[in-house]
Amino acid sequence: MSLSTEELQNLEADHTVDGIGEVCPHTLNLALDGLKKAKPGEVVVEVTDHSIATKTIPAAVKMRKNAEHLGTISEGGEYKIFLKKLK
């Protein structure tokens, strides 16, 4: 499921992960650590300036089946990647 930009902007994150200045694979590891701390159904948002993370993180959680990628917002060189923990 992918939410619209407006829906994502109005979504309240349960956990926020700061990935600014980090590159892959560290951005992915930060997202996975954030998901480990979350309970099923909670939303984890990673904020990053590494554009490649917008592809690797959604692909990794889909492969692992531990979270759903709700969407990504791009704002001024930064990205917010929204994930909903599944299990």
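We did not get these values from a lab; they are worked out from the coordinates using the rules stated. Source: prediction; values computed, not measured. FYI the Cβ positions are ideal-geometry reconstructions off the backbone, even for glycines, and counts take in every protein chain you see.
In a DSSP loop and with at most 15 other Cβ atoms within 10 Å, the GluC sites (Glu not before Pro) in the chain are E12.
What per residue convex hull volume, in Å³, comes out for the chain when only alpha-carbon positions are used?
In the chain, the Cα hull volume divided by residue count equals 78 Å³.
Helix-only mean residue ellipticity at 222 nm, the chain, DSSP H runs n ≥ 4 weighted -39,500 (n - 2.57), per residue, nearest 500. What is it?
Numbers: 3 runs with 30 residues, N = 87.
So the helix-based figure for the chain works out to -10000 deg cm²/dmol.
Extending 7 Å from Cα along the Cβ direction at M63 and again at H26 yields two label points whose distance is 2.1 nm.
Lysine pair count for segment 5-85 (Cα-Cα distance under 19 Å; residues 8 or more apart in sequence or on different chains): 23.
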